[in-house]
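Novice: Dumping the structure here so I can ask a few things about it.
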Amino acid sequence: MLNRIDLRGRRDADLARVLPRAEVDVDHAVEDIRPVVEGVRDRGAAAVLEATARFDGVALTALRVPAAALAAAVEQLDPDVRAAIEESIRRHRELCTAQLRPDEVVRIVDGGTVTERWVPVSRVGLYVPGGRVCYPSSVVMNVVPALVAGVGSLAVTSPPKAEFGGLPDPQILAVCALLGVDEVYAVGGAQAIAMLAYGVEGVPPVDVITGPGNVYVAAAKRLVQGRCGIDSEAGPTEIAVLADDTADPAFVAADLISQAEHDPLAACLLVTDSVALADAVDAEVARQVAATKHQERITAALTGQSATVLVDDLDQGVQVVDAWAAEHLEVITADAANRARQVRNAGAVFVGGWTPVSLGDYLAGSNHVLPTGGTARFSAGLSTQSFLKRMSFVEYSQEALEKAAPLVTAFAHAEDLPAHAAAVNVRAR
């Protein structure tokens with residue numbers, strides 16, 4: 001089922017051209033949704049309601065989810081699911097708390113300090129997708145780090161569903177309630193991003209928008225970036241598995257299939273120096289896909305932008321996975337911990353055969369909102385830091401300023417900015 005790419009003896013191959021990945025045309029989507037975003041900017045809630053009726057087939061009478069609906073969702077939540085959600089919250093809060101940074105006071109010179117302080121943004125908008133699959137786990141991954149960061153105002157938005165009376169999926173509402181978030185909106189797509197960025201009647205604008213979504217959500221984020229901050233333009237999910245002949249082919253196949261289950265555009269890459277493992281994984285994939293629920297979308301993903309890549313050795317394998325910069329990377333080798341430390345580019349690295357990506361999706365404690373499309377080369381996943389901004393507090397005494405004055409004056413005249421020098425020298429004795 002998986003295509004094969006043989007890179008043995010080809011260490012000089014152009015990996016950016018050789019390795020497969022789903023093509024998502026965000027540029028084209030930007031032009032498609034520009035009228036929607038500009039409509040919300042110019043006409044407010046009326047434009048949000050119109051877009052929701054057009055794209056979601058739901059005629060809303062109000063944007064905000066009633067408090068009674070949030071309470072009812074918790075009451076109706078399956079006890080086993082609730083226990084899993086609460087444990088996910090607890091584990092993720094542990095990691096997010098560790099990501100907080102204390103103030104750092106640096107003495108630059110006698111009488112001169114710079115204090116680095118991390119300050120939470122005032123208000124955030126958290127987008128939770130609700131298309132092919134419901135993602136209550138995404139509520140945990142977006143809300144918990146914002147709460148730990150100390151954000152004072154949080155708004156969650158998720159698409160309305162006709163089958164739920166024009167409200168988002170009840171499981172999403174239940175997680176919001178369990179986390180104490182009562183500002184929830186039944187709005188999805190580009191109109192939700194525009195609503196958060198520009199604000200509409202009864203919905204103040206936010207400082208930062210986070211959360212994954214489809215190509216139109218990504219396009220809307222691109223349009224509003226600058227008006228507010230965004231986490232990333234999330235694309236289809238992806239997994240790479242770096243494995244040798246010690247890996248269990250059933251484990252590897254199951255992990256590839258689990259990511260393919262998300263979306264027909266999901267990309268799955270097995271990188272190995274073992275032809276025997278590649279053959280065994282192919283056989284396991286065929287067997288496991290035949291027994292799984294979402295065969296159509298899984299098959300589309302695995303036969304599309306997915307492949308097995310054969311390499312000479314694991315050193316070349318690390319080069320391949322670094323070039324691909326996967327959202328999720330599993331390292332299942334005899335020396336998995338040491339090999340994983342060699343990796344530079346991945347959203348999250350799952351080390352060893354007992355650490356599948358599915359664990360990270362829900363309960364590992366790590367965040368599952370991660371960079372896609374190769375952007376792990378220069379960006380990181382969502383964290384407490386995503387909701388904090390670093391501010392520098394500079395304080396110099398008169399004596400420290402006077403000692404710096406000649407050097408400031410030299411810089412200022414070199415840049416032909418004499419008033420800069422004067423602003424220092426007027427203070428000097």
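Novice: Taking every pair of Cα atoms in the range 316-429, average 1/r, invert it to obtain the Kirkwood radius, and report Rg/Rh to two decimals. Walk me through the numbers on the way to the answer.
Specialist: Details: Rg = 24.7 Å, Rh = 18.3 Å.
Result for the range 316-429 is an Rg/Rh of 1.35.
Novice: I would also like to ask the following. For F393, project a label point 7 Å along Cα to C-beta. Then give me every residue of the range 101-127 with its amide nitrogen under 14 Å of that point.
Specialist: 102-107, 113-120
Novice: Run the Debye formula on the Cα coordinates of the range 14-108, all scatterers equal and no solvent, and tell me log10 I(q)/I(0) at q = 0.15 1/Å.
Specialist: Taken in order of the listed q values, log10 I(q)/I(0) reads -1.00.
Novice: What trypsin sites (Lys or Arg not before Pro) in the range 253-302 are in a loop by DSSP, with at most 11 other Cβ atoms within 10 Å of the Cβ?
Specialist: On the way: sites: R287, K293, R297; in loops: K293.
Those satisfying the criteria are K293.
Novice: Here's something else I'd like to know. For V349, V241, what ranking results if the residue with the fewest other Cβ atoms within 10 Å of its Cβ goes first?
Specialist: Numbers: V349 22, V241 28.
So the residues, fewest neighbours to most, are V349, V241.
Novice: For the range 289-382, list log₁₀ I(q)/I(0) at each q in 0.16, 0.18, 0.20, 0.22 Å⁻¹, using the Debye formula over Cα point scatterers of equal strength and ignoring solvent, two decimals each.
Specialist: -0.77, -0.96, -1.14, -1.27
Novice: Looking at the range 1-71, which trypsin sites (Lys or Arg not before Pro) are in a loop (DSSP not H, G, I, E or B) and have at most 16 other Cβ atoms within 10 Å?
Specialist: Working: sites: R4, R8, R10, R11, R17, R21, R41, R43, R54, R64; in loops: R8, R10, R11, R21.
Hits after loop and neighbour filter: R8, R10, R11.
Novice: Would you kindly work out the equivalent ellipsoid of the range 62-117 from its C-alpha gyration tensor and give its semi-axes, the square roots of five times the eigenvalues, largest first in whole Å?
Specialist: Numbers: eigenvalues 402, 64, 6 Å².
They are 45, 18, 5 Å, listed largest first.
Novice: Let me ask something else. Report, in cubic angstrom per residue, the convex hull volume of the C-alpha atoms of the range 226-321. Mind dumping the intermediate values first?
Specialist: Numbers: hull volume 10.8 nm³, N = 96.
Dividing the Cα hull volume of the range 226-321 by its residue count gives 113 Å³.
Novice: Here's something else I'd like to know. Please quote Rg/Rh for the chain to two decimal places, taking the Kirkwood radius as Rh and restricting both calculations to Cα atoms. If you can, show how the numbers build up before the last one.
Specialist: Values: Rg = 25.0 Å, Rh = 23.9 Å.
My calculation of the ratio gives 1.05.
Novice: Mind pulling up the Rg/Rh value for the range 114-219? Radius of gyration and Kirkwood radius, both on Cα. Show your work: numbers first, answer last.
Specialist: Numbers: Rg = 13.8 Å, Rh = 14.0 Å.
Here the Rg-to-Rh quotient is 0.98.
Novice: Give me the extension gain from A337 to T115: residue separation times 0.36 nm, minus the current Cα-Cα distance, reported in nm with one decimal. All intermediate terms of the calculation are to be shown ahead of the outcome.
Specialist: Values: separation 222, 0.36 × 222 = 79.92 nm, distance 3.66 nm.
Going from the current span to full extension adds 76.3 nm.
Novice: Taking the highest mean first, how do the peptides 183-189, 75-81 order by number of other beta carbon atoms within 10 angstrom per residue? Could you put the intermediate results ahead of the total?
Specialist: On the way: 183-189: 25.9, 75-81: 11.3.
Ranked by mean Cβ neighbours within 10 Å, highest first: 183-189, 75-81.
Novice: List the residues of the range 269-288 whose backbone N lies under 17 Å from a point placed 7 Å from the Cα of D245 along the Cα-to-Cβ direction.
Specialist: Counting only backbone N, you get 271-282.
Novice: Sort largest first and round to whole Å: the equivalent ellipsoid semi-axes of the range 26-230, each the square root of five times a Cα gyration tensor eigenvalue.
Specialist: Numbers: eigenvalues 190, 114, 37 Å².
After scaling each eigenvalue by five and taking roots: 31, 24, 14 Å.
Novice: A further question follows. For the chain, build the charge dipole from Cβ charges (+1 Lys, Arg; -1 Asp, Glu) around the Cα centre, then report which of T272, V109, A346 sits farthest towards its positive end.
Specialist: Farthest towards the positive end: V109.
Novice: Once you charge only the Cβ atoms, +1 for Lys and Arg and -1 for Asp and Glu, what is the size of the charge dipole of the chain about its Cα centre, to the nearest 20 debye?
Specialist: Working: 36 positive and 55 negative charges, 220 e Å.
So the magnitude is around 1060 debye.
Novice: Related question: Counting pairs of alpha carbon atoms under 8 Å apart in space and at least six apart in sequence, what relative contact order in percent does the chain give?
Specialist: Reported as a whole number, the value is 21 percent.
Novice: Given the range 26-230, what percent of its DSSP beta bridges are antiparallel, to the nearest 5?
Specialist: On the way: 8 of 21 bridges.
Of the beta bridges lying entirely in the range 26-230, close to 40 percent run antiparallel.
Novice: Next question. Provide the gained length on full extension for the span T292 to D32, in nm with one decimal, where the gain is 0.36 nm per separating residue minus the Cα-Cα distance. List each step's numbers first, then the result.
Specialist: On the way: separation 260, 0.36 × 260 = 93.60 nm, distance 3.54 nm.
Going from the current span to full extension adds 90.1 nm.
Novice: Can I ask one more? Taking the chain as a Gaussian network, Cα atoms linked when under 10 Å apart, which of W118, W324, W354 shows the biggest mean-square fluctuation?
Specialist: Highest fluctuation among the options: W354.
Novice: Here's something else I'd like to know. Arranged from highest to lowest average of other beta-carbon atoms within 10 Å per residue, in what order do the peptides 217-224, 370-377, 398-405 appear?
Specialist: Listed from highest to lowest mean packing, they are 217-224, 370-377, 398-405.
Novice: What order, most packed first, do the peptides 388-394, 31-37 have when packing is the mean number of other Cβ atoms within 10 Å of each residue? Provide the component values of the computation, followed by the final result.
Specialist: Working: 388-394: 12.3, 31-37: 17.7.
Those peptides, ordered most packed to least, come out 31-37, 388-394.
Computed from the coordinates by the stated procedures, all read-outs in this text should not be read as laboratory data. Just so you know, these numbers come straight off a predicted model, no measurement behind them. Positions of Cβ are generated from backbone atoms using ideal geometry, with glycine treated the same way; all protein chains shown enter the neighbour counts.
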